[in-house]
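Please read the structure below before turning to the comments.
The values are calculated or read from the model by the stated rules, or taken from the named source; none is laboratory data. Note that this is a predicted model, so its numbers are computed, not measured. Methodologically, a virtual Cβ is constructed for each residue, glycine included, from the backbone with ideal geometry; neighbour enumeration extends over all protein chains shown. Side chains are part of the model used for accessible areas, which takes the heavy atoms of the whole protein and leaves out ligands, DNA and RNA. Shrake-Rupley method; radii C 1.70, N 1.55, O 1.52, S 1.80 Å.
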Amino acid sequence: MDSVRSDTAPVPQALKILVAGGFGAGKTTLVGAVSEIAPLRTEEVLTTAGVGTDDTTGVATKTTTTVAMDFGRITINPSLVLYLFGTPGQNRFWFLWDELATGALGAVVLADTRRLADSFAAIDYFEQRNTPFVIAVNCFDNDQRYTVEQVREALDVDGHVPVLLTDARDRMSVKNVLITLVEHVLTMVRSSVPA
Amino acid sequence: MSTDPLDGVEEGPAWWDHEAGPVVRPYMVTGGRVRPVTVDFDLITFLVATATLAADTPSPEHQAILALTQEPRAVAEVASRVDLPLGVVRVLLCDLLSDGLIARYDPPPTDHLPNVETLQAVIHGLRAL
């Protein structure tokens, strides 16, 4: 049934890249800089339902909270579409990261030099999952600049992980971050294939 | 979001605020069902309506999804554009799927990275932006 579609446009293959970083690091700005659509927001409503209660199984309870994920889209070609998902900034929503990270091509960890420690959790997460990632240091105007080497040392990341400076508002700069990430993934894929 | 009933009411004391969540409970539109019955939908699973708007479509929300998916759209995009939480949309999608009104196109298996050709195509496409 779902393979017969001769009358309309072909269904493209979708890929996703995650954009992680602390609250206020500029994730949505980065997504918006390269997305062909204004960043969209999707929400998940979380409930505390189902913990040993009697009749409420399968029914949403009163206690809810909403987690928002912003995302954008880049059509690579008619058969390939790339989605960029900003991860929820708050650490208590880690379990949502699992859904986001599943099947992800890779991740951009957007670091804010004023709060470098905010990046640690994301770096640990992607390292443990073996999700390829790059670290993009967002350079805000008039911000104290660090060199790539200083950031790499401060974050204590493996030598093979690309670290680069970026301006999350700048399309060319963000484009370069994404290309660096996909090239990094390509290197990993090639090195994992027996010659 | 665009129709957020709480816009402009952040100021001053109120018995509810943004922290209170939606005014109408989101799972009303699913009749209280919180999980898709049979299948789950990845955020980037593409959906395509297999029918134009059906007269006997269960609800306005189902119809909105069918209208959106006359061209291929990802689950996240559908959820965003119908302005419903993902969990709610997944339940509605399950209804549409079991009624044969929608087709799903899943992303490649998640246990391996894309192949070299795909990655090269992505790099090429990004450079051309």
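Brief remarks on what is shown
- The residues in the stretch A:103-131 that are at negative phi and more than 11 Å from the chain's Cα centre (by Cα) can be counted, and the count is 17.
- Total residues in the stretch B:77-129, condition closer than 30 Å to B:Gln63 by Cβ, among the aliphatic types (A, V, I, L, M) and not in a loop (DSSP other than H, G, I, E, B): 13
- Qualifying residues in the stretch A:98-122 (those that are among the β-branched types (Val, Ile, Thr) and surrounded by 17 or more Cβ atoms within 10 Å (Cβ to Cβ)) - the one farthest from the other protein chains (Cβ to nearest Cβ): A:Thr113
- Residue in the stretch A:62-76 that is assigned to a loop (DSSP other than H, G, I, E, B), open to solvent by less than 50 Å² (accessible area, probe 1.4 Å) and either within 7 Å of chain B (Cβ to nearest Cβ) or at pLDDT 95 or above (or both) present: no
- Boolean, A:Leu84 is surrounded by 19 or more Cβ atoms within 10 Å (Cβ to Cβ), under 15 Å from A:Lys16 (Cα atoms) and either in contact (Cβ under 8 Å) with a residue 40 or more places away in the chain or under 15 Å from the mean Cα position of the chain (by Cα) (or both): yes
- Considering the stretch A:141-157, and only residues there that are open to solvent by less than 80 Å² (accessible area, probe 1.4 Å) and free of Cβ contacts under 8 Å to residues at least 24 places away in the same chain, the residue that is nearest to B:Ile123 (Cα to Cα) turns out to be A:Val148.
- Test: residue in the stretch A:139-155 that is more than 15 Å from A:Ser119 (Cα to Cα), modelled with pLDDT of 95 or more and part of a helix (DSSP H, G or I): no
- Here A:Phe95 fulfils each of the conditions (1) open to solvent by less than 40 Å² (accessible area, probe 1.4 Å); (2) assigned to a helix (DSSP H, G or I); (3) not hydroxyl-bearing (Ser, Thr, Tyr) apart from (1).
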